[in-house]
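Novice: Quick one: structure below, then a few questions.
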Amino acid sequence: MSTVTIQLGQCGNQVGGELFSCMAKERPREFFREGDGKKARYTARAVLIDMEPKAILSTLTTSKRNLQDWEYERDASFWQHTGSANNWSHGYAVHGPRTRDKILETTRKQVERCESFSGFLMLSSLAGGTGSGLGAYTSELMRDVYPKSLIINQVVWPYTSGDVIVQGYNSILTLSHLTRVSDGIIVFQNDHLNQTAKRLLTKRSPSFKDLNQLIARSMGSVMVPCYRVDNKLSTSWRDRVSHLFSHCGYKFSTVCRIPQSSASAKEFNSYTWKYLLKHLNQMQISGSYMEEKINWSVALRRGSPVMRSVASFITLRGQDSYTAAMGEEFTHPSMYTRWAFDPYLKCYSKIPFDNNHRSAAVWMNSQAIVKPLDRLVDGAWQKFTSNAYVHHYAKHGIAQENFERGFALLEQVISDYKKL
């Protein structure tokens, strides 16, 4: 089963380039296909879309210069020269309808090159205009044209104090639209990425490239091939997605990965599986995103408040990963909602990932989304009740009713996750 990745806007295209480079060593057939040329290069199953050429041209140039024997398809990119001015409504209501046919044609070519098409992985940000607005439009378009395909959206959450004054509005509108059409949403928060890069990767002023690489490594850790512990069978991307998002009312997920260390420190790492699993489990139940900020006061005991999940997917990577002994930590009933059926899936791969001798990751559909989503909705609602900047959206046909429906939907999402 093959998945076509759609990279939208500056952020989506930059993250996509890093993600395919991260997966290039193993080149999973779900996301790559063999090239047609004599060089036998591998080709990413991807479509690159932006309303400005800079990010796409940079991503294409970098892929051609890499030494990992992969590249993007020549006819898989589409851009214009107008931009979206950080306005969700401009990307959604203006660029979307204007570029609809071109988006469909470029995407159709990639879908038809798949031996067995499964669905889409869509990469974008929430704060800007193209990735958020055109990203929401494209997600809805793919749902209409390919109604039975899987659609997973990976989104980058804006900084709490970002430069885009309307980033709250853009995020609310994007998330409310994606919640309706997506099968699952994978969230990465810029604030968390920035702190991780500073404290664990020793980056004084992390660049966007540093943050994008962190996203790519986390995504790659749950995307490249691995095998079930119980029957040694390979798990496809579709298997993992179906496991995480089995309930249509719970579509938000996050990824935790360990170890997180600089390139110079990796060769000296000698973590045991016991250490990795203990810390990873604590990150899951406490909602911690970084090793140095794990909250150890949260415990798996009766009455203790833990971060509940709908489902989780744990992957261990390293030569002896299949020997790692896992106790009851990841299967403890208090970690999951009472109605969850078989919520825990563990897989392994003997191939080390990201130059770590041993590594582990957990992809979880959990209450980790509650605090950031609650904070986002509150901040945007304060502006909305003051009628601030709403006229920028109204001129493109996005009325107050669109905002109100978005707020109502996301308030329901928050309420549902709090009840787990």
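The values are calculated or read from the model by the stated rules, or taken from the named source; none is laboratory data. Because the structure is a prediction, the values reported are computed rather than measured. Cβ coordinates were reconstructed from backbone atoms using ideal geometry, including for glycine residues, and neighbour counts include every protein chain displayed. Only protein heavy atoms, including side chains, enter the accessible area calculation; ligands, DNA and RNA are left aside. Shrake-Rupley method; radii C 1.70, N 1.55, O 1.52, S 1.80 Å.
Novice: Condition check: of a type in the set (S, T, N, Q), touching a residue at least 60 places away in the same chain (Cβ under 8 Å) and open to solvent by 20 Å² or more (accessible area, probe 1.4 Å). Does Thr174 satisfy that? Full working, then the answer.
Specialist: Numbers: of a type in the set (S, T, N, Q): yes; touching a residue at least 60 places away in the same chain (Cβ under 8 Å): yes; open to solvent by 20 Å² or more (accessible area, probe 1.4 Å): no.
No: the conditions fail for Thr174.
Novice: Could you please let me know if Gly406 is surrounded by fewer than 17 Cβ atoms within 10 Å (Cβ to Cβ) and touching a residue at least 12 places away in the same chain (Cβ under 8 Å)?
Specialist: Answer is no for this residue.
Novice: Let me spell it out: the conditions are (1) open to solvent by less than 10 Å² (accessible area, probe 1.4 Å); (2) without any contact (Cβ under 8 Å) to a residue 60 or more places away in the chain; (3) not hydroxyl-bearing (Ser, Thr, Tyr), and Ile186 meets all of them except one. Which number is the exception?
Specialist: (2)
Novice: For segment 219-241, which positions are among the polar types (S, T, N, Q) and either in contact (Cβ under 8 Å) with a residue 60 or more places away in the chain or under 14 Å from Ile186 (Cα atoms) (or both)?
Specialist: Across segment 219-241, the qualifying residues are Ser221, Thr235, Ser236.
Novice: Against the condition in contact with an Asp or Glu (Cβ under 9 Å, 6 or more places away or on another chain), within 21 Å of Tyr137 (Cα to Cα) and assigned to a strand (DSSP E or B), how does Gln7 come out, does it pass?
Specialist: It is true that Gln7 is in contact with an Asp or Glu (Cβ under 9 Å, 6 or more places away or on another chain), within 21 Å of Tyr137 (Cα to Cα) and assigned to a strand (DSSP E or B).
Novice: Here is a follow-up. Restricting to segment 167-187, give me the number of residues that are modelled with pLDDT under 95 and either of a type in the set (Val, Ile, Thr) or not in a helix (DSSP H, G or I) (or both).
Specialist: Of the residues in segment 167-187, 0 are modelled with pLDDT under 95 and either of a type in the set (Val, Ile, Thr) or not in a helix (DSSP H, G or I) (or both).
Yes or no, residue by residue, for (1) under 14 Å from the mean Cα position of the chain (by Cα); (2) closer than 20 Å to Ser253 by Cα; (3) not small (Gly, Ala, Ser):
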{"residue": "Ala136", "(1), (2), (3)": "no, yes, no"}
{"residue": "Ser139", "(1), (2), (3)": "no, yes, no"}
{"residue": "Tyr146", "(1), (2), (3)": "no, no, yes"}
{"residue": "Asn153", "(1), (2), (3)": "yes, yes, yes"}
{"residue": "Asp163", "(1), (2), (3)": "no, no, yes"}
{"residue": "Ser171", "(1), (2), (3)": "no, yes, no"}
{"residue": "Thr174", "(1), (2), (3)": "no, yes, yes"}
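Novice: Can we say Glu18 is on the phi < 0 side of the Ramachandran plot, in contact (Cβ under 8 Å) with a residue 24 or more places away in the chain and of a type in the set (Asp, Glu)?
Specialist: Against the criterion (on the phi < 0 side of the Ramachandran plot, in contact (Cβ under 8 Å) with a residue 24 or more places away in the chain and of a type in the set (Asp, Glu)), Glu18 qualifies.
Novice: Give the residue that is modelled with the highest pLDDT, with candidates limited to residues of segment 41-56 that are surrounded by fewer than 24 Cβ atoms within 10 Å (Cβ to Cβ) and farther than 17 Å from Ser124 by Cα.
Specialist: Here the residue is Thr43.
Novice: Out of the residues in segment 325-343 that are modelled with pLDDT of 90 or more and open to solvent by 30 Å² or more (accessible area, probe 1.4 Å), state the one that is nearest to Lys274 (Cα to Cα).
Specialist: Arg338
Novice: Suppose we filter segment 41-56 for residues that are without any contact (Cβ under 8 Å) to a residue 60 or more places away in the chain, assigned to a loop (DSSP other than H, G, I, E, B) and under 24 Å from the mean Cα position of the chain (by Cα); how many remain?
Specialist: Matching residues across segment 41-56 total 1.
Novice: Of all residues in segment 297-319, which are open to solvent by 50 Å² or more (accessible area, probe 1.4 Å) and modelled with pLDDT of 90 or more?
Specialist: Passing the criteria: only Arg308.
Novice: Looking at Lys419, Lys395, Lys371, Lys350, can you tell me which residue is closer than 16 Å to Thr254 by Cα and loosely packed, with under 14 Cβ neighbours inside 10 Å?
Specialist: The unique qualifying residue is Lys371.
Novice: OK, next. Evaluate the following for Thr107: is it at pLDDT below 90 and of a type in the set (Val, Ile, Thr)? If you could, list the steps in order and put the result at the bottom.
Specialist: Numbers: at pLDDT below 90: no; of a type in the set (Val, Ile, Thr): yes.
No.
Novice: When you go through Lys209, Lys203, Lys232 one by one, which is the residue that is modelled with pLDDT under 90, open to solvent by 50 Å² or more (accessible area, probe 1.4 Å), within 24 Å of Gln14 (Cα to Cα) and of a type outside the set (Asp, Glu)?
Specialist: Numbers: Lys209 fails: modelled with pLDDT under 90; Lys232 fails: within 24 Å of Gln14 (Cα to Cα).
Sole residue among the options that is modelled with pLDDT under 90, open to solvent by 50 Å² or more (accessible area, probe 1.4 Å), within 24 Å of Gln14 (Cα to Cα) and of a type outside the set (Asp, Glu): Lys203.
Novice: Could you check segment 84-128 and list, in sequence order, the residues that are free of Cβ contacts under 8 Å to residues at least 40 places away in the same chain and acidic (Asp, Glu)?
Specialist: Asp101, Glu105, Glu112
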